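This report refers to the structure that appears directly beneath it.
Read-outs throughout are calculated quantities, based only on the coordinates presented, and are distinct from any laboratory measurement. All values reported here derive from a predicted model rather than from experimental measurement. So basically every Cβ, Gly included, is an ideal-geometry build from the backbone, and we count neighbours across all protein chains shown.
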Amino acid sequence: MSQDPTKLSEQFLTHQVTNQPPPLVYDAWATDPVLREAVAREGGGWGESHVAAYGKLVGGELMQLGFLANENKPKFRPFDRYGHRIDEVEFHPAYHRIMELAISHGGTGFAWKNADRPGAHVARMALSYLHNQADQGTGCPLTMTYACVPTLRQQPELAKEWLPRVTSSVYDPRFIPAAQKHGATFGMGMTEKQGGSDVRSNQTRAEPTGAPGPGQPYTLVGHKFFFSAPMCDAFLVLAQAKGGLSCFLLPRFTPDGERNPIRIQRLKDKLGDWSNASSEVEFHGALAWMCGEEGRGVATILEMVALTRQDCMIGSSSLMRQALVQAIHHCRHRSAFGKRLAEQPLMRNVLADLALESEAHTALTARVARAVDASGRDPNEAAFCRVATAIGKYWVCKRAPVFVNEAQECLGGAGYVEESNLPRLYRQAPLNSIWEGSGNIQCLDFLRAAAREPAAIAALVAEISAARGGNRILDEEADKLMNELADTQTLEVRSRMIVERLALCLQGSILVRAGNAVVSDAFCATRLGGQKGQAFGTLPATVPFQQLVDRAFPA
Ligand SMILES: Cc1cc2nc3c(=O)[nH]c(=O)nc-3n(C[C@H](O)[C@H](O)[C@H](O)COP(=O)(O)OP(=O)(O)OC[C@H]3O[C@@H](n4cnc5c(N)ncnc54)[C@H](O)[C@@H]3O)c2cc1C
């Protein structure tokens, strides 16, 4: 759709509309060489044709649906018109269409169906990275459905029943027993009022209905303070059994077709994440099946959490990518003081700095996806995955709010107005760093792995050292960092600083080995060598700004 100010229909009485960018309808995969290179580098290139099809949708239909699904928030329906308790949440049709497009394109099942091909999780990372640019709220049930698989596998009879539905390419939104459906979605319930990070404080109780133990039915009595996507078909939840905190599969319907007594108390009134419903619930004797060993609930559900943490990284790098695209597009079409904004020297510095930051996050996210992918085949990758997920989740998610704010500023006032998607991205930006273990929890998790798993630190050091000799600044920073790590005094209070620097070294190492010296030299000099201020747009004048911007989003 192009505007022509000479057309009558485009004329106002007082002015003509000029100097506004055209609407951006684009192919989000074809116009993203950084993502395409990262996916190929990490072994997911064979999924290209599959991912490419989704890229076209993301920059078009899905982008429009994203606006609709967020403007029309989910509605809580506790009762039907006759006063019966129904505990349902009603979503706008746009939400269902987004879910349908995502699931039918493999957003939940692709990696599991292609698990025998190395790189399947990398290709799935690309699908999720694209998807989250159009809507992040649906990213929540999609990621939980993708991530529940390793936990479900710990209880073979539950896996046999549920995995075909979970990995199905069919989105079946009907609120009926899962056994009658062609596809199912999963949620997760850990956080209670008295504690979220410290789930050992969970109070929800589980009583066996007959014989106790793994795979057996229990009734749950208790609550969850955060329970997202409550219309999912089933949930993995933590509850206290006689033998300690255990993991349970909690379906929305009981086997006799009745609604399981999962009482939705209310929906959370959230800063952002509006297309997604997050609820508070009570379990009034809800039927659930023990999944995994009794008393090993945290270890069992952590198999799922490891993947949802990876998806927080994907979500945040995706948010930053979308904000960058919007900023570059606007600045290429908007002029001020006689020049396009994208040609103004200082704005070039801002855009180039954002592009550099975005590329580093995308590169690290894709590398972690490869580690997830290879974990089952390669113990070194499993060890690397363990620490790189904590480091990446901490740093990538932490950078999103400040990044999106800078991109908003590139649009000026238009970036603060809801008709652009920047305000929505801004509201969403803090969430990934809070859920699935907030910042400090990731740093403590890194320290725990470092203390208990020597292989994890060895894998991390090997990964950073793989670029040795490629950039002097990176080598020097890596050496300093290893000394910091070796000093075990006061490690906990220093852990944010250490994890941040580890993330930057990892990003530097990946970029150096990726082989584009324009990118890696600028990254290492500014992020590791201190040649930059705190804000974006503070790159030294020697950096080839235009090249970085053109690479990020080819004109
Ligand atoms: C929109 C939304 C949806 C959510 N959906 C779900 C869901 O579906 N299922 C679910 O189970 N949960 C969900 N959550 C909950 C989320 O995972 C928790 O809020 C999060 O894990 C933090 O727990 P908490 O809120 O109890 O904070 P707390 O555990 O009280 O932590 C508060 C702060 O203290 C820090 N902290 C904790 N321990 C330490 C320590 N030892 N040292 C230093 N700092 C520490 C934390 O890092 C955090 O910054 C959702 C949250 C949000 C916002």
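Can you grab the distance from the C-alpha centre of segment 67-85 to the C-alpha centre of segment 39-54, Å, no decimals?
Answer, in whole Å: 38.
Hey, can you rank 503-509, 205-211 by average C-beta count inside 10 Å, highest first?
In decreasing order of mean packing, 503-509, 205-211 become 503-509, 205-211.
Sequence neighbours fewer than 8 away in the same chain don't count; with that in mind, list the aspartates and glutamates whose C-alpha is under 12 Å from K398.
Answer for K398, where 12 Å is the Cα cut-off: E500, listed by chain and number.
Taking a ≥ b ≥ c as the square roots of the Cα gyration tensor eigenvalues, with a/c under 1.5 meaning rounded and otherwise prolate when a/b beats b/c, else oblate, which class fits segment 243-306?
Oblate, because a/c is 1.5 or more while a/b does not exceed b/c.
Whole angstrom only: what separates the Cα centroid of segment 102-149 from the Cα centroid of segment 504-538?
So the two Cα centres are separated by 29 Å.
Compute, for segment 299-552, the length of the dipole vector about the Cα centre, with Cβ point charges of +1 (Lys, Arg) and -1 (Asp, Glu) only. Units Debye, rounded to 20.
So the dipole magnitude of segment 299-552 works out to roughly 380 debye.
Work out the charge dipole of segment 300-455 with +1 on the Cβ of Lys and Arg and -1 on the Cβ of Asp and Glu about the Cα centre, then indicate which of A414, L341, V305 is farthest towards its positive end.
Result: L341, furthest along the dipole toward the positive end.
Please order L346, L245 by the number of other Cβ within 10 Å, starting at the fewest.
Ranking L346, L245 by Cβ neighbours within 10 Å, fewest first, gives L346, L245.
Sequence neighbours fewer than 8 away in the same chain don't count; with that in mind, list the aspartates and glutamates whose C-alpha is under 15 Å from K113.
Cα-Cα hits under 15 Å: D373.
So which helices of the chain fit the span-like rule, where a helix is a whole DSSP H run, its Cα atoms reach 30 Å or more along the axis, and its mean Kyte-Doolittle is at least -1.0?
Length and hydropathy pass: 297-333, 345-374, 379-410, 491-514.
So what is the calculated 222 nm ellipticity per residue for the chain, using -39500 (n - 2.57) for each DSSP H run with n of 4 or more, over all residues, to the nearest 500 deg cm²/dmol?
Using -39500 (n - 2.57) per qualifying helix, the result is -16000 deg cm²/dmol.
List the relative contact order of segment 107-239 as a percent without decimals, with contacts defined as Cα pairs under 8 Å and 6+ residues apart.
23 percent
Give the peptides 158-168, 101-111, 286-296 in descending order of average Cβ contacts within 10 Å, highest first.
101-111, 286-296, 158-168
Post the alpha-carbon centroid distance, segment 326-402 to segment 226-255, in whole angstrom.
Segment 326-402 and segment 226-255 have Cα centres separated by 35 Å.
Using the charge dipole of the chain (Lys, Arg: +1 at Cβ; Asp, Glu: -1 at Cβ; taken about the Cα centre), state which of A383, P217, F446 has its Cα farthest towards the positive end.
P217
With the cut-off at 20 Å, tell me which of the pairs K75/K268; K181/K268; K193/K268; K224/K268; K181/K224 have Cα atoms farther apart than that.
Checking Cα-Cα distances, K181/K268; K181/K224 exceed 20 Å.
Please state the shape class of segment 178-295: rounded when a/c is under 1.5, otherwise prolate if a/b exceeds b/c and oblate if not, all from the C-alpha gyration tensor.
It comes out oblate by the Cα gyration axes.
Under a Cβ-Cβ cut-off of 13 Å, what is the net charge of the residues other than Q216 that fall near it, where Lys and Arg count +1 and Asp and Glu count -1?
Net local charge, Q216 excluded: -3.
Averaging over every viewing direction, what projected area does the convex hull of the Cα atoms of the chain cover, in nm²?
Result: 27.4 nm².
How do 358-370, 124-136 rank on mean C-beta neighbours within 10 Å, highest first?
124-136, 358-370
Where the only charges are on Cβ atoms (+1 Lys, Arg; -1 Asp, Glu), what is the dipole of the chain about its Cα centre, to the nearest 20 debye?
My answer is approximately 240 debye.
By the gyration tensor of its Cα atoms, with a ≥ b ≥ c the square roots of the eigenvalues, what is the shape of segment 299-552: rounded for a/c under 1.5, prolate for a/b over b/c, or oblate?
prolate
Could you line up V58, V461, V325 from fewest to most neighbouring Cβ atoms inside 10 Å?
Lowest count first: V461, V325, V58.
Taking +1 at the Cβ of each Lys and Arg and -1 at the Cβ of each Asp and Glu, which of A288, V25, V51 sits farthest along the dipole of the chain towards its positive end, judged by Cα position relative to the Cα centre?
Farthest towards the positive pole: A288.
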